Structure formats: structure tokens, C-alpha cells
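Chemist: Input: one structure, supplied below.
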Amino acid sequence: MKKITALKYLLWLALPLLAISCNKDKTDGFLSPALKYTNPSLRASVGATLFQSGAMVTDESTKPLVFTIEAIRYPDGSIASKVMNYRVDTYFWNAEYSPNDKTAQETDGKRTKVNRPAIDINPENGNIIIYPEATDSFQLTKGKYLIDVRVKNGGGEVLLTSAMTLDIVYALPYTYSGVGIDGRLTGIDTKFERLSETGNTLLVYVLKKDGSPVDPETLFGYDYDDSPDKEDLRDWRHLGLNNPTKYTAFPDHLELQVETFPLPYVLGKVRRIDLYNNGDINGGYFNFWFDFAIRKPGVWKITTQLKYN
């Protein structure tokens, strides 16, 4: 009997709650006072990948909502005018990106160039965005910025002062990640050096334990495609978009010419190098791999030091 009574109570309680919920959907007047970002203070490393804050928590506010950046301010409260006026050419994708594109034109055909504020916002969900092309440290200097966000719906609007605090730092002009080893190796250290700010050259060295150079022709790329009629080798001969345009092997290093920077051509992507040797270098099979990207043109020296017992 007690169970039946409790069930009746819950049903009667649910009716007014349902009515309230339906009322929110039918009217345009509910704008929650609890609008906020889950993480209202974030460190943003810019110049490498697309930065995203995540959507704002809307707490059942009536939709659709419209989000705009009202102001970007310095910590002292003054308006960061040069940041608000800073715009960049970036891309919106119309089709899925493929690392197997043969030319830059093929990749560009899948995306549309647009000019957007360097610090932007998704008007539908409040996600704050910093595009990877925002690399001008004179207009977007390192440091903290306060973002004021205005939220509107059919029934009204609210200004959220200092809704987000961004601590801007700049990424390195290259990425080195995804490192792995197999076989007779205990580790590798890879160093990227930009020898010149102009040019389109990669100088690639691999060093033995004693620091002497490895003949690059004794290292072979792994094939990531099992199809008998295709190959997807991850070595320095295959860098995407028909790069390198020129491949020269010397006894102690490789010299590569590339057509486009960034390398890979799309900012935020990386290219994997996966090489092995059957034992003539250090007496046993070994394999190493890493992901990399180079975002600025120039002459780059890439040196991998092999570690083994």
C-alpha cells in the first residue's frame, strides 16, 4: 500500500514539473542565471592547432541562443583593441581532409578560405576559438585576456563579464610527438634546428651511439597499407602532396626540398616517420618512429640520436 501511495505522489509531482519544462520550451523568456563555462580560465597555446574552450553550460536556457564576444580586455580592465581588431585568413572545411591528397590544390578544393577574428566564438554554443593562423605576436601578445560574452535569446540578453580568462602563449614552430621504439634501441632523441628563416630545405641526420652518422640508405620505411596494390610508406621519401620535390641521399644525411610549408600542408596535422634497420648498424633489428610538423619555412636540420646498449 505504501508503494502505491508513493507512486501516486511521484506522478502528481511529475505533472507540475513537466508543465514547467514545457513552459520553458514554449516561451522565449528563460535565460538561466547559471550560464557559465565549465573551465573559465584556460591556457591557450596558439600558432599550432585550433584552440577551443568548449561550449558554454546553458542550464536549460530557452534555445536558440546567440553568443557574441562583447569585449576582450587586459587584466586591468582596459579594452584590448588591437586584439579585437586582429583578423586572420583561415579555412572552413567542406569535405573530409585526407593525408593522401596528391597536390595542395586537391586539399584546397576541400576547404574555403575565410577571414575571421583571431579570437572568435561559435554563435550557437559559445565555444571560444583561436585559429592556428593567429601567429602575429605583435597583435596578440603573450599574456592574460578577459573575454566578455553576451548571450541572447528571444526573451532577453545578459552580459557575462570576464566569462573566460585566456592565458596566451605561443607554440614552437615545430611539433615532435608520438615517439616510439622497438628492437635493439633504448631510446631516441630528436632535435629540430631552424638554420635559416628562408628556404624550403630539410637536412636529416641519424646518429649512432658514438655520434657518427648513419648512412640514410640503410634505414627503411614501414608500409602502413596492407593492400597489395598500394603502399603508404612512412619515410622521408613520402611527406604528402608529392613532397619532397627533390630527395638527395648523402653518405651521412639526407637533403630534401619541399614545395609548401607548413609541413604537412594543413596546420594542426602531423606526419609520421617510421624507420627500421635489420641489424647492420648496431648488430640487431631496431625500429623507431615519431610524428612531426614544421610550421614555418626555412632550412631545417633534424637530427635523431639513437640510444642502445
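Chemist: Can you run phi through the Karplus equation (6.51, -1.76, 1.60; θ = phi - 60°) for region 105-117 and list ³J(HN,Hα) in whole Hz, with x for Gly and Pro?
Modeler: 3J(HN,Hα) across region 105-117, in whole Hz: 5, 5, 5, 5, x, 9, 9, 10, 6, 9, 10, 9, x.
Chemist: Take every Cα-Cα pair in region 41-170 and report what % of them are more than 17 Å apart.
Modeler: Percent of Cα pairs beyond 17 Å in region 41-170: 62.
Chemist: Still on this structure, I have one more. Spelling out what I want: for every residue of region 228-241, take phi, set θ = phi - 60°, compute 6.51 cos²θ - 1.76 cosθ + 1.60 (Karplus), and round to whole Hz; glycine and proline get x.
Modeler: x, 9, 9, 9, 9, 6, 9, 10, 6, 7, 10, 10, x, 6
Chemist: Could you tell me the extents of region 174-308's C-alpha atoms along the three principal axes, largest first, rounded to whole Å?
Modeler: Here the spans come out as 39, 38, 26 Å, largest first.
Chemist: Give me a comma-separated list of calculated 3J(HN,Hα) values for region 266-281, in order, Karplus coefficients 6.51, -1.76, 1.60 applied at θ = phi - 60°, integers in Hz, x for any Gly or Pro.
Modeler: So the J values, rounded to whole Hz, are 9, 4, x, 9, 10, 10, 9, 10, 9, 10, 9, 9, 8, x, 7, 8.
Chemist: Continuing with this model, one more query. Just to be sure I understand the curve: with the Debye formula and one point per C-alpha of region 153-242, what is log10 I(q)/I(0) at q = 0.11, 0.12, 0.24 Å⁻¹?
Modeler: Values, matching the q order: -0.59, -0.66, -1.51.
Chemist: In the chain, what percent of the accessible surface is made up of carbon and sulfur (1.4 Å probe, ligands and nucleic acids excluded)?
Modeler: Here it works out to 53 percent.
Chemist: What is the dipole size for the chain, taken about its Cα centre, with +1 at each Lys and Arg Cβ and -1 at each Asp and Glu Cβ, in debye to the nearest 20?
Modeler: 1360 debye
Chemist: Right, another one. In degrees from 0 to 90, rounded to the nearest 10, what is the angle of the helix 2-26 Cα long axis to the longest principal axis of the chain?
Modeler: That helix lies at roughly 80 degrees to the long axis.
Chemist: Just in region 197-261: which trypsin sites (Lys or Arg not before Pro) are loop by DSSP and have at most 11 other Cβ atoms within 10 Å?
Modeler: Within region 197-261, the qualifying trypsin sites (Lys or Arg not before Pro) (loop, at most 11 other Cβ atoms within 10 Å) are Lys230.
Chemist: Along the Cα-to-C-beta direction of Glu193, a point sits 7 Å from the Cα; which residues of region 278-309 have their amide N less than 15 Å from that point?
Modeler: The answer is 299-305, whose backbone nitrogens lie closer than 15 Å to the label point.
Chemist: Counting only heavy atoms of the protein chains, get the accessible area per residue of region 34-182 (1.4 Å probe) and round it to a whole Å² value.
Modeler: Value returned for region 34-182: 52 Å² of accessible area per residue.
Chemist: Work out Dmax and Rg for the chain from the C-alpha atoms and quote the Rg first, both in angstrom.
Modeler: Cα radius of gyration and Dmax of the chain are 26.8, 90 Å respectively.
Chemist: Also: Considering only Cα-Cα distances, which of the following residue pairs are longer than 30 Å: Lys191/Lys246; Lys82/Lys110; Lys142/Lys307; Lys102/Lys296; Lys209/Lys301; Lys208/Lys230?
Modeler: Lys82/Lys110; Lys142/Lys307; Lys208/Lys230
Chemist: Oh, and also: Quick one: net charge of Ala293's neighbours, Cβ under 9 Å, K/R +1, D/E -1?
Modeler: Counting the neighbours of Ala293, the net charge comes to +2.
Chemist: Amide H of Asn200 versus every other amide H placed in the peptide plane: which residues, excluding those fewer than 5 positions away on the same chain, fall under 5 Å?
Modeler: Long-range HN contacts for Asn200: Gly298.
Chemist: Another question about this same structure. What net charge do the residues around Arg194 carry, taking every other residue with its C-beta under 12 Å from that of Arg194, with Lys and Arg at +1 and Asp and Glu at -1?
Modeler: +2
The values are calculated or read from the model by the stated rules, or taken from the named source; none is laboratory data. No experiment lies behind these values; they were computed from the predicted model shown. Note that we place each Cβ from the backbone using ideal geometry, even for glycine, and neighbour counts take in every protein chain shown. Ligands, DNA and RNA are stripped out before the accessible areas are found, and what is left, the full protein with its side chains, is counted by its heavy atoms. Shrake-Rupley method; radii C 1.70, N 1.55, O 1.52, S 1.80 Å.
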